[in-house]
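Have a look at the structure below before the remarks.
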Amino acid sequence: MSLDPVVSVVLVSYNTRELTLKNLAGLQAGTAVPIEIIVVDNASTDNSAAAIGHAFPEVRVLPQPVNLGFGNAVNLGAAHARGRWILLINPDTEPVGDVIRTLVEYAGGHPEYRIYTGRTLRADHTDDGHSVHALPSLWGYVCFATGLSSLRRRSQLFNPDELPGLDRAIGGEVPAVSGCLLLIDRPLWEQLGGFTPDYFMYSEDIDLSARARDLGARPVLVPEAQLLHVGGAASSTVNKRIMVLRGKTTFVRLRWSPGRAKLARLLISAGVLVRAAAGAGWRDVWRQRATWLSGWPAPTGPAAVPTQPLAAPISAVPSPDPAASRAHP
C-alpha cells in the first residue's frame, strides 16, 4: 500500500467475506505497483466489512446500510480514489501473477486505449469468455430470439454477443469490457461520471464502454493480464438471469430509440420463451417477465449517485464477535 498510489483498486463486496479476504491477500502480495484498495460493502450479512477491516487495516472499507448495487457502489468507492488509474476487480477472483503491473505497464505504453481488461479464467485456466462483451445489436437479439445463438455458439454470425471469433490469447481492441476486471484512465472515468446510476447490476459496464467509445476511447484486451474467476458467487442462476435481463432492457431503454428498444424487448421476450419451453429454470425467468422487461427502475433523489460514504470507513476494528458471526452466517 502507498501514500501516493498509482492505482486505486475498487472492490464491491456482498456476502463474499472469505472470497474477498483471499482476493485482497493476493492483490497486496502479488503486485509491485503502489496501490490503494477501497472496498465498498453492500450491506453484507456475513460480517464482511468487519472481517476485512480486521485483516487489512490499511484497506479503506466503506460499509453501507443498504445494497447500492454494483455500479453505484463502484461510483462511491471511486469518489475516494487518489490513484492515476482506477481498477475494478471482482472479489470472487484471484490474480495470476502481477495482473495490476501487467495492465498498468501496457496502459502506460498504449495510453490511447484508455480502458483495459485482461482474461478471466476458469479453474483449469481456460478462458471463461466473460471479460469482454459485444455491444448490443438488433441482430444479436434476433439470434437470441430464434435460439440460433445457443445452437451455433461458435458462429460469429449467429452468436455475435459472445464474440466467438475473438482470439483471447492474442487480445486487441474489443467492443466493451467487463467490470469484473477493468482498468480505466481516471480523467476519463471522471469525464464519464462513472457508471450510469440506473443500473443496479449488469450491463453498466457495457453502457460505460459505449459512452467511452463515443469520447474516443478504444477498450482493449491485454491477454497477459489474467484472473481466476469463481463467478456468480453472490446470486443463484435464476436470479442472475433475471438481473442480466434487467440490465439488457435498461440499456436499450436508455441508449436506443423508443421503437428500436420496443423491438429489442420483444425479441428478448421471444428468446426467453423459447428457452422456457425447454428448461425449468427459464420457466421461472419467464414467469417473472414483468420484472425484467421494465429493466431497473430509474434512480430518484440526490442519493441516486452516492459520492460520500453512507457510513464511516473502517480503518481498524476488533476481531468479529463469534456470536455476531453465528447470527449472520
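Just so you know, the Cα atoms of segment 143-226 work out to an Rg and Dmax of 14.6, 42 Å. Where is the GNM fluctuation largest for the chain (alpha-carbon springs, 10 angstrom cutoff): Gly26, Gly109, Gly129? Between Gly26, Gly109, Gly129, it is Gly109 that shows the largest mean-square fluctuation. Between Val59, Val274, Val104, the residue with the greatest mean-square fluctuation in the GNM of the chain (Cα pairs under 10 Å linked by springs) is Val274.
Could you quote the convex hull projected area for segment 60-165, Cα atoms only and averaged over all directions, in nm²? All intermediate terms of the calculation are to be shown ahead of the outcome.
Details: hull surface 39.4 nm².
Spelled out: convex hull of the Cα atoms, projected over all directions, averaged, 9.9 nm².
For Gly179, the amide hydrogen comes within under 5 Å of the amide hydrogens of Asp205, counting only partners 5 or more places away or on other chains and with H modelled in the peptide plane.
State the antiparallel share, in %, of DSSP beta bridges confined to the chain, rounding to the nearest 5. Mind dumping the intermediate values first?
Values: 17 of 37 bridges.
Of those bridges, close to 45 percent are antiparallel.
Under a no-solvent Debye model with one identical scatterer per Cα of segment 1-108, what's log10 I(q)/I(0) at q = 0.18, 0.20, 0.22 Å⁻¹? Summing over Cα pairs of segment 1-108 leads to -0.81, -1.00, -1.21. Applying D = kT/(6 pi eta Rh) to segment 189-229, where Rh is the Kirkwood radius over alpha-carbon pairs, T corresponds to 4 °C and eta to 1.567 mPa s, the Stokes-Einstein value obtained is 110 µm²/s.
Using all pairs of distinct alpha-carbon atoms, the Kirkwood hydrodynamic radius of segment 206-290 works out to 15.3 angstrom. The residues of the chain expose on average 44 square angstrom of accessible surface per residue, using a 1.4 Å probe on protein heavy atoms. Heavy-atom accessible area with a 1.4 Å probe sorts Asp207, Asp127, largest first, into Asp127, Asp207. Dividing the summed helix terms, -39500 (n - 2.57) for each DSSP H run of n ≥ 4, by the number of residues in the chain produces a 222 nm estimate of -11500 deg cm²/dmol to the nearest 500. Highest mobility in the GNM of the chain, judged by mean-square fluctuation with C-alpha springs under 10 Å and restricted to Ala298, Ala261, Ala49, is found for Ala298. Measuring spread by the Cα atoms of the chain yields a radius of gyration and Dmax of 19.5, 57 Å. Between the residues Val12, Leu267, Val59, the greatest Cα displacement towards the positive end of the dipole of the chain, with unit charges on the Cβ of Lys, Arg, Asp and Glu, is found for Leu267.
Relative to its residue count, segment 49-112 spans a Cα convex hull of 128 Å³ per residue. As a fraction of the 1.4 Å probe accessible area of the chain, surface on carbon and sulfur atoms comes out at 57 percent. Less than 5 angstrom separates the built amide H of Val220 from those of Ile115, Tyr116, Thr117, Val174, all sequence-distant by 5 or more or on a different chain.
The values are calculated or read from the model by the stated rules, or taken from the named source; none is laboratory data. Keep in mind that what you see is a predicted model, and the values were worked out from it rather than measured. No Cβ is skipped: glycine too gets one built from the backbone with ideal geometry, and neighbour counts run over all protein chains shown. These area figures cover heavy atoms from the full protein model, side chains too; ligands, DNA and RNA do not enter into them. Shrake-Rupley method; radii C 1.70, N 1.55, O 1.52, S 1.80 Å.
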